[in-house]
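Colleague: Please see the structure below; I have some questions.
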Amino acid sequence: MEHAHREAAENLALLETLHSASPVGFGFVDRDLRVVSLNAALASVNGTAIESQLGRRVADVVPELWSQLEPVFRGVLETGTSVINIELNGPAVGDPATAHHWLASYYPVRSDDEIIGIGIVAVDTTERRQAEALRTTIVDNMAEGLFTLDAEGCLTFLNASGAEILGWTEAELLGSSMHSVVHNQHADGSPNPESECELLKVRSQGRTIRVTGDVFTRKDGTIVPVAYSAAPLVDDSTVVGVVVVFRDTSEERAAEERVQRELAALAWVGRIREALDEDRLILYSQPIVPLQGGDASEELLVRMIGRRRGEIILPGSFIPIAERFGMIGEIDRWVITQAIHFAARGHRVEVNLSAQSIHYVLPLIERELRDSGADPANLVVEITETALMQDVHAGEIFAQGLADIGCGLSLDDFGTGFASFTYLKRLPLRSLKIDIEFVRSLTTNPANQHIVKSIVHLARGFGYDTIAEGIEDEDTLALLRKYGVDYGQGHLLGRPAPLVNPGRARS
């Protein structure tokens, strides 16, 4: 009996210790809803000392919460059914300026099958709720995309920025394999096997990774370049998921590409300067063949001789750079000089000029024609439609100046500009050069056929010749003859070849 009393006393002391020291609030109210007992944790939830709450009605102890508690208490007393995990929120008595949150459960307490009161278990969840709110605010407002995966690599969360970048909503992707949906291909469209997927390695190897050059696939099928960090979610040394933070690097990539293009352009500036100083420009000649009768001529095309043995650099690699950095004038002057001295030997030649050169090249043409004794009619200058349209007034002055000298002007790439018909009557032209885009697929493209026939009809009305460039096959040549095109140019009729000793060297 003594042992039993001692064991009961120990158990009671243990219960009292747990009751008083527990971080969980415990309490008991009677049927009149008066506080009979409570521990320090529940007293702190209520915001006042234990002694000040004992014997008082709950409505008086926590008046701010009573509207939420009263139906719960009365329901437990009337039905004898527990109410588990009710969320309560409101100001605490001791801290009315702060919104507090509690998670509470209420149990009927019986004696001899009679409900004598209600047991209360409550936990203050304010700090947890505040932390969750902070996390939600950060995640939802961060500029970077964020998603989480479970142990199988399926989506469990996607923030607002991530949804905007990928074009998917969280609901659309929830439970889907992110590798299968957004990470299954490389930038070039080739497959990204699971065995090579860096995100899957985070799960399998339990390590954090940072990737600066990768791609995800958007909902619309387009590919977005991304950089991301991925870290494993670990529970007791077991990887239970992955957290991925990523950003769209499209603008960064574009900026890097612009820098690379600028560096490449600057490198070309040096190469062009060296080629000019070392007289490493050369002219190629391509025949312009009469299709309806008339005299043949040839177009002179500039090339650059590279430093490697046999290296010939096409103009598309250096002419745009020369135009951009103010070096095209020197190239054009060299071409004009060489062309005129070749024309002085009785050749009919056509040369291309940039829009920049039309402002000052006329005196050079006059001087070189006079000094060389070349027939001005043997020189035709080609200017693109778009180049002339950059400065219409200067273009008209240049065209009239050429006509006064006796040279011809050909409008190159005709049909690609926006003001062809408006200014045809204002320019003293010799020919219209039909753009290669209208000659390609001429035999199979009815639209191109209509355009070519219209250009021929228009040119005849103004008294201009027509030249079709880019002729590659006999069927196209036959159609051009049928449509009345006057001259043809292309690989079928003659490929560009080096022009040997065109005239005097550059002065």
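The values are calculated or read from the model by the stated rules, or taken from the named source; none is laboratory data. Since this is a predicted model, take the numbers as computed values, not measurements. Heads up, the Cβs are rebuilt from the backbone with ideal geometry, glycines too, and the neighbour counts pull from every protein chain shown.
Colleague: Sort out which residues of segment 68-81 are at pLDDT 90 or above and either within 60 Å of the chain's Cα centre (by Cα) or closer than 17 Å to Arg57 by Cα (or both), and write them in order of number.
Modeller: If the condition is that a residue be at pLDDT 90 or above and either within 60 Å of the chain's Cα centre (by Cα) or closer than 17 Å to Arg57 by Cα (or both), then Glu70, Pro71, Val72, Phe73, Arg74, Gly75, Val76, Leu77, Thr81 are the ones that fit.
Colleague: I'm trying to understand the selection: among the residues of segment 24-40, which are surrounded by 16 or more Cβ atoms within 10 Å (Cβ to Cβ) and either outside any strand (DSSP E or B) or β-branched (Val, Ile, Thr) (or both)?
Modeller: Val29, Leu33, Val35, Asn39, Ala40, listed by residue number.
Colleague: Is segment 401-419 home to any residue that is in contact with a Gly (Cβ under 6 Å, 6 or more places away or on another chain), farther than 26 Å from Val289 by Cα and in the same structural domain as Pro287 (by TED's automatic domain parsing)?
Modeller: Among the residues of segment 401-419, not one is in contact with a Gly (Cβ under 6 Å, 6 or more places away or on another chain), farther than 26 Å from Val289 by Cα and in the same structural domain as Pro287 (by TED's automatic domain parsing), which makes the answer no.
Colleague: Can you name the number of the only condition in (1) touching a strand residue (DSSP E or B) at 6+ places or on another chain (Cβ under 7 Å); (2) in a helix (DSSP H, G or I); (3) surrounded by 19 or more Cβ atoms within 10 Å (Cβ to Cβ) that Ala43 fails?
Modeller: (1)
Colleague: Any residue in segment 385-398 that's assigned by TED's automatic domain parsing to the domain that holds Gln356 and at negative phi: show its pairings with residues that are buried (at least 16 other Cβ atoms within 10 Å of the Cβ) and acidic (Asp, Glu) at Cβ separation under 8 Å, as long as the two are six or more apart or on different chains.
Modeller: If the second residue must be buried (at least 16 other Cβ atoms within 10 Å of the Cβ) and acidic (Asp, Glu), the pairs left are Glu385/Asp412; Glu385/Asp413; Thr386/Asp413.
Colleague: What do you reckon, is Leu388 at pLDDT 90 or above and either assigned to a strand (DSSP E or B) or surrounded by 14 or more Cβ atoms within 10 Å (Cβ to Cβ) (or both)?
Modeller: Criteria not met by Leu388.
Colleague: Return the total of residues in segment 470-497 being touching a residue at least 40 places away in the same chain (Cβ under 8 Å), more than 15 Å from Glu298 (Cα to Cα) and surrounded by fewer than 18 Cβ atoms within 10 Å (Cβ to Cβ).
Modeller: So the answer is 2.
Colleague: Scan segment 251-267 and give yes if some residue there is touching a strand residue (DSSP E or B) at 6+ places or on another chain (Cβ under 8 Å) and not in a helix (DSSP H, G or I), otherwise no.
Modeller: For segment 251-267, residues touching a strand residue (DSSP E or B) at 6+ places or on another chain (Cβ under 8 Å) and not in a helix (DSSP H, G or I): absent.
Colleague: From the set of residues in segment 437-467 that are touching a Lys or Arg at 6+ places or on another chain (Cβ under 8 Å) and of a type in the set (Phe, Trp, Tyr), which is farthest from Leu411 (Cα to Cα)?
Modeller: Phe462
Colleague: So which helices (runs of 4 or more DSSP H) are wholly in segment 275-382 and hold at least 1 residues that are farther than 30 Å from Lys482 by Cα, of a type in the set (Val, Ile, Thr) and within 44 Å of the chain's Cα centre (by Cα)?
Modeller: The qualifying helices (runs of 4 or more DSSP H) are 315-324, 328-343.
Colleague: Moving on. Give segment 183-230 a look and list any residue that's farther than 18 Å from Val243 by Cβ, small (Gly, Ala, Ser) and within 22 Å of the chain's Cα centre (by Cα), or say none.
Modeller: Scanning segment 183-230 gives Ala187, Gly189, Ser190, Gly213, Gly221.
Colleague: Can you report the number of residues in segment 165-193 which are closer than 20 Å to Thr212 by Cα and in contact with a Gly (Cβ under 9 Å, 6 or more places away or on another chain)?
Modeller: 5
Colleague: Moving on to the next point. Consider Gly221 carefully, then state whether it is in contact (Cβ under 8 Å) with a residue 24 or more places away in the chain and of a type in the set (Gly, Ala, Ser).
Modeller: no
Colleague: Please pick out the residue among Arg203, Arg207 that is buried (at least 18 other Cβ atoms within 10 Å of the Cβ) and out of contact with any helix residue (DSSP H, G or I) (no Cβ under 6 Å at 6 or more places or on another chain).
Modeller: Criteria check complete, one pass: Arg203.
Colleague: Does segment 287-310 include one or more residues that are among the acidic types (Asp, Glu), farther than 25 Å from Ile467 by Cα and surrounded by fewer than 20 Cβ atoms within 10 Å (Cβ to Cβ)?
Modeller: no
Colleague: Can you pull out every residue in segment 431-445 that is surrounded by fewer than 19 Cβ atoms within 10 Å (Cβ to Cβ) and more than 37 Å from the chain's Cα centre (by Cα)?
Modeller: Residue satisfying the conditions is Thr443 alone.
Colleague: Among the residues of segment 305-312, is any under 27 Å from Asp435 (Cα atoms) and free of Cβ contacts under 8 Å to residues at least 60 places away in the same chain?
Modeller: yes
Colleague: Report, by residue number, each residue of segment 56-95 that is closer than 22 Å to Val109 by Cα, of a type outside the set (Asp, Glu) and assigned to a strand (DSSP E or B).
Modeller: Passing the criteria: Arg57, Val83, Ile84, Asn85, Ile86, Leu88.
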